[in-house]
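What follows is a single structure, written as structure tokens, with notes after it.
The values are calculated or read from the model by the stated rules, or taken from the named source; none is laboratory data. No experiment lies behind these values; they were computed from the predicted model shown. Cβ sites come from the backbone with ideal geometry, for glycine too, and all protein chains shown count toward neighbours.
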Amino acid sequence: MTEIHLTRRRFMQGALAASALVVGATAAPEALWAQKLDAADDPVAGLALHPSVWVGLDSAGMVTIVAARSEMGTGIRTALPRVVADEMNADWSLVRVEQAIGDPIYGNQDTDGSHSVRSFFDVMRGAGAAARMMLVAAAAKQWGVPESECESRLHRVVHKGSGRMLTYGDLAAAAAELSVPRVSARDFKPRKDWRYIGHDGAMVDLEHICTGHATYGIDVRRPNMLYAAIAHPPVVGGRVRSHHDGAARSVAGVREVVQLPAFHFPAAFQPLGGVAVVADNTWAAFQGRDKLRIEWDNGPNAEYDSAAYRKQMAMTARMPAQVVRNNGNVEGAFAEAAKTLEAEYATPLLAHAPMEPPTATAEVRGRQVEIWAPTQDPQGAQAAVAKALGVNKEDVIIHVTLLGGAFGRKSMADFIVEAALLARHMRRPVKVVWSREDDLRCDYYHSSAAMYMRAALDAQGMPTGWLARSVFPPIGSTFNEKTEYGTGELTMGFSDLPFDIPNIRVENGPAQAHVRIGWLRSVANIYHAFAVQSFAAELAHAAGKDPKDYLLALMGKPRVLDAKLLPQSARGVDQPPYAFDVGRLRRVTEIAAAKAGWGRSLPAGEGIGIAAHRSFLSYVASVVRVGMENGKVRIRQVDTAVDAGLVVNPLGVRAQFEGAAVFGASLAFYGEISAKNGAIEQGNWDTYRVCRIHEAPLDVRVHIVPSDAPPAGVGEPGVPPIAPAICNALFAATGKRVRELPLSKAGLA
């Protein structure tokens with residue numbers, strides 16, 4: 001496989017030839033299914049079938065399934081096609097997967113928020129079922145028998161009475177003449193007959209990735225292509241006051257020096273501005289950039305100091321703030337408490353730092369724009385490029401490559417817009433390449449946060465009142481720089497508190513952003529789980545009770561949270577069948593503890609900690625066992641229990657949660673982005689550390705809880721419980737309580 005992007009013409013001429021059967025499915029209402037693209041854009045033009053194309057079958061029997069979500073290591077290019085193949089009764093060895101370009105015909109393509117399977121499971125089943133039903137109907141028509149006498153088996157249709165058999169390839173052309181069954185008429189396979197759903201399946205790209213044949217963004221080559229490196233403003237909102245490029249232009253291979261349009265607030269997905277050096281190769285581009293002399297106007301964020309800002313947020317967190325949730329009589333509970341306990345928690349800015357830094361290739365021909373990029377959101381990139389270049393969105397084609405990691409960063413299209421602007425200027429294809437330093441210093445950062453927690457306790461040490469306050473620059477500030485509150489982020493593990501406490505108040509304090517704030521893997525759940533689960537362990541210690549038993553007592557009896565007790569912002573998707581089921585959270589807590597051997601004696605210097613958290617509609621509990629080596633924390637074992645509802649590919653889920661343990665440990669041990677005079681201080685892996693192999697949790701045991709519930713998220717929910725479980729285990733081992741991350745600040749990592 002030399003390229004993974006799908007061009008419509010290549011798709012039309014190849015796998016889905018004139019004799020092909022093509023079936024569409026969409027999340028849109030059925031009334032919209034009759035809409036079609038213009039013939040030039042429609043890969044199924046002339047076949048009189050639905051325009052939302054997911055699966056095709058050629059006369060040779062090869063099935064082509066379109067993946068409309070981006071592959072960044074989550075296995076989604078495998079999981080969703082396996083759903084189609086299962087319902088179609090297709091032989092997986094006769095399936096090839098093609099990546100969709102960015103187009104609204106595929107529904108929402110933003111591969112973010114751990115909702116790909118949840119949003120498209122039924123759509124994919126519908127596509128596969130419709131194809132299977134059409135093949136059965138075609139066989140019945142050819143044999144002149146009722147459809148009820150025919151059945152689909154693996155890649156063929158059999159007449160049950162006579163044993164006659166036709167392969168899918170044999171039936172493709174005839175089936176293409178039939179109408180696609182309406183959604184209400186589609187016949188789905190019973191769960192007991194699933195061949196791929198719920199069973200392990202290796203990634204379709206695994207061989208190409210392992211052998212170096214896969215195409216990532218950095219691998220794209222276009223004829224006559226140039227390369228660009230960009231000197232971005234060191235401070236968000238900064239602009240070029242003047243620049244001198246004589247030395248840069250003298251570097252062999254440098255073709256042009258281009259000043260990009262100035263940045264303006266709000267940030268959204270626009271480029272940061274700066275000066276680009278365009279050259280024949282990346283070496284010349286970077287060398288030329290190093291020789292630029294630029295005088296910057298650092299703008300309104302020039303005085304930003306992250307250390308001082310964290311102190312400011314902590315002060316804000318101690319003050320009454322905007323009430324987001326208010327149940328019962330919190331003041332009365334504290335007035336009558338036998339004892340009160342309070343604690344403050346803090347987390348820093350974090351960077352995404354994917355292994356493949358941002359890169360994109362663009363080619364502009366008049367008003368036609370073609371992009372090749374590792375993007376999580378091709379439609380968002382399409383819109384951003386169209387706006388920046390003043391062209392129609394429909395004239396921007398986004399080819400999606402494999403992503404060398406992303407964690408949310410590549411949902412933003414700033415680097416893609418840069419490539420498009422430079423390609424138009426140079427009138428040649430241009431690839432923009434960011435260095436690791438560019439990546440770390442010009443990110444959309446995960447927000448820093450300060451949280452104040454206070455509990456009113458009865459004589460048994462159980463809370464009768466709960467006051468929780470969270471302060472952080474919100475994601476909304478990226479789209480409106482005046483936004484200082486983030487009530488939506490409070491629904492991520494803070495205002496949707498699952499504890500059975502009669503009096504609860506949750507508040508949100510204001511915080512102004514001085515950097516671009518974005519979503520990182522599990523978003524605000526990271527700092528909210530850290531505060532809530534750490535404080536729960538502190539309450540258990542104060543009560544002299546076992547942390548696991550105390551946590552279960554806090555949750556109370558199995559029940560569905562009463563939506564009337566939650567703020568409006570915590571509802572919506574949480575309604576049935578995704579209402580907050582405390583019983584499921586209790587169950588994963590009990591399973592993780594049991595699998596980890598909770599309660600057994602441990603060697604001196606070791607400790608065990610637990611944390612449980614619901615995010616992206618999945619219920620997760622992690623138990624971490626740690627030991628101390630030369631004063632440093634070392635993770636001995638991680639046991640994570642997850643109830644993510646229906647699991648399509650268990651192998652992929654286990655991989656996601658194993659990776660989440662390493663990701664979460666890296667954030668807990670070392671994750672910190674700091675700024676002085678508005679500029680980010682970290683620039684590479686030496687200053688933005690991740691766990692080395694001897695520090696990472698290598699013994700990670702993932703326990704998937706069987707469930708009949710609908711699919712939920714798996715890419716992100718494994719991260720939030722890791723940091724609090726590590727810190728709770730550290731306290732059990734040493735008696736040291738950590739309330740501020742990363743652990744390296746206290747010399748513990």
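Suppose the filter is buried (at least 22 other Cβ atoms within 10 Å of the Cβ) and either assigned by TED's automatic domain parsing to the domain that holds Ala285 or closer than 23 Å to Ala373 by Cβ (or both); does Ala248 pass it? Yes. Filtering region 73-94 to residues that are in a loop (DSSP other than H, G, I, E, B) and surrounded by fewer than 24 Cβ atoms within 10 Å (Cβ to Cβ) leaves Gly73, Asn89, Asp91. Per the listing Ser477, Ser470, the residue uniquely touching a Phe, Trp or Tyr at 6+ places or on another chain (Cβ under 7 Å) and among the small types (Gly, Ala, Ser) is Ser470. Apart from one condition, Glu716 fits all of (1) touching a strand residue (DSSP E or B) at 6+ places or on another chain (Cβ under 9 Å); (2) within 16 Å of Lys632 (Cα to Cα); the exception is (2). The condition of being more than 21 Å from Arg195 (Cβ to Cβ), among the basic types (Lys, Arg) and buried (at least 16 other Cβ atoms within 10 Å of the Cβ) holds for Arg118.
Checking every residue in region 172-183 against the condition of being within 18 Å of Arg96 (Cβ to Cβ) and in the same structural domain as Arg156 (by TED's automatic domain parsing) gives at least one match. Could you list all residues from region 204-229 that are in contact (Cβ under 8 Å) with a residue 40 or more places away in the chain, of a type in the set (Gly, Ala, Ser) and part of a loop (DSSP other than H, G, I, E, B)? Correct list: Ala214 only. If the condition is being surrounded by fewer than 18 Cβ atoms within 10 Å (Cβ to Cβ), in a helix (DSSP H, G or I) and not hydrophobic (A, V, I, L, M, F, W, C), then region 123-164 contributes Lys141, Gln142, Glu147, Ser148, Glu149. Per the listing Ser70, Ser114, Ser59, the residue uniquely at pLDDT 85 or above, over 25 Å from the mean Cα position of the chain (by Cα) and either polar (S, T, N, Q) or closer than 30 Å to Arg409 by Cα (or both) is Ser59.
With respect to the conditions (1) charged (D, E, K, R); (2) part of a loop (DSSP other than H, G, I, E, B); (3) touching a residue at least 40 places away in the same chain (Cβ under 8 Å); (4) over 20 Å from Phe407 (Cβ atoms), Lys736 lacks only one, and its number is (3). Can you find even one residue in region 189-198 that is out of contact with any strand residue (DSSP E or B) (no Cβ under 8 Å at 6 or more places or on another chain), closer than 29 Å to Thr401 by Cβ and at pLDDT 95 or above? Yes, there is a match, as at least one residue in region 189-198 is out of contact with any strand residue (DSSP E or B) (no Cβ under 8 Å at 6 or more places or on another chain), closer than 29 Å to Thr401 by Cβ and at pLDDT 95 or above. All conditions but one from (1) in a loop (DSSP other than H, G, I, E, B); (2) in contact with a Pro (Cβ under 7 Å, 6 or more places away or on another chain); (3) under 30 Å from Met555 (Cβ atoms); (4) not acidic (Asp, Glu) apply to Ala456; the one that does not is (1).
Counting only residues that are without any contact (Cβ under 8 Å) to a residue 60 or more places away in the chain and among the hydrophobic types (A, V, I, L, M, F, W, C), region 252-274 holds 5 of them. For first residues located in region 539-551 and aromatic (Phe, Trp, Tyr), partners that are assigned to a helix (DSSP H, G or I) and lie 6+ apart or on another chain with Cβ distances below 9 Å form the pairs Tyr550/Ala536; Tyr550/Ala537; Tyr550/Leu539; Tyr550/Ala540; Tyr550/His541; Tyr550/Ala543. Look at Ser448 and say whether it is in contact (Cβ under 8 Å) with a residue 40 or more places away in the chain, surrounded by 23 or more Cβ atoms within 10 Å (Cβ to Cβ), out of contact with any Asp or Glu (no Cβ under 8 Å at 6 or more places or on another chain) and within 23 Å of Asp414 (Cβ to Cβ). Yes; evaluated as a whole, the condition is true for this residue. For region 560-580, a residue qualifies if it is touching a residue at least 40 places away in the same chain (Cβ under 8 Å) and surrounded by fewer than 24 Cβ atoms within 10 Å (Cβ to Cβ), and the qualifying residues are Leu561, Leu565, Leu566, Pro567, Ser569, Val573, Asp574, Pro577, Tyr578, Phe580. Filtered by the rule that a residue be crowded, with 20+ Cβ neighbours inside 10 Å and on the phi > 0 side of the Ramachandran plot, region 619-656 gives a lone residue, Gly645. When the helices (runs of 4 or more DSSP H) confined to region 376-452 are screened for residues that are within 30 Å of Gly509 (Cβ to Cβ), those reaching at least 2 such residues are found at 436-441. From the list Gly678, Gly659, Gly607, Gly671, the one residue that fits, being crowded, with 19+ Cβ neighbours inside 10 Å, small (Gly, Ala, Ser) and under 23 Å from the mean Cα position of the chain (by Cα), is Gly671. Among the residues of region 712-727, is any crowded, with 18+ Cβ neighbours inside 10 Å, acidic (Asp, Glu) and in a helix (DSSP H, G or I)? Scanning region 712-727 turns up no residue that is crowded, with 18+ Cβ neighbours inside 10 Å, acidic (Asp, Glu) and in a helix (DSSP H, G or I). Glu489 - would you say it is charged (D, E, K, R), crowded, with 22+ Cβ neighbours inside 10 Å and within 25 Å of Lys339 (Cα to Cα)? Here the answer is no, as Glu489 does not meet what is asked.
It is to be established whether one or more residues within region 220-227 are surrounded by fewer than 20 Cβ atoms within 10 Å (Cβ to Cβ) and farther than 18 Å from Glu418 by Cα. For region 220-227, residues surrounded by fewer than 20 Cβ atoms within 10 Å (Cβ to Cβ) and farther than 18 Å from Glu418 by Cα: present. Within region 179-208, the only residue that satisfies the criterion of being surrounded by 16 or more Cβ atoms within 10 Å (Cβ to Cβ), of a type in the set (A, V, I, L, M) and farther than 21 Å from Val95 by Cβ is Val183. When Ala511, Ala459 are checked against the criterion of being closer than 25 Å to Ala570 by Cα and at pLDDT 95 or above, a single residue qualifies: Ala511. All conditions in (1) crowded, with 21+ Cβ neighbours inside 10 Å; (2) over 28 Å from Asp581 (Cβ atoms) hold for Ala468, with the sole exception of (2).
Yes/no per residue for (1) β-branched (Val, Ile, Thr); (2) touching a residue at least 40 places away in the same chain (Cβ under 8 Å); (3) surrounded by fewer than 14 Cβ atoms within 10 Å (Cβ to Cβ); (4) touching a Gly at 6+ places or on another chain (Cβ under 8 Å):
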residue	(1), (2), (3), (4)
Thr282	yes, yes, no, no
Phe286	no, yes, no, no
Arg289	no, yes, no, no
Leu292	no, yes, no, no
Asn298	no, yes, no, yes
Tyr309	no, yes, no, no
Arg318	no, yes, no, no
Gln322	no, yes, no, yes
Asn326	no, yes, no, no
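Scanning region 330-344 for residues that are in contact with a Phe, Trp or Tyr (Cβ under 9 Å, 6 or more places away or on another chain) and farther than 30 Å from Asp458 by Cβ turns up nothing.
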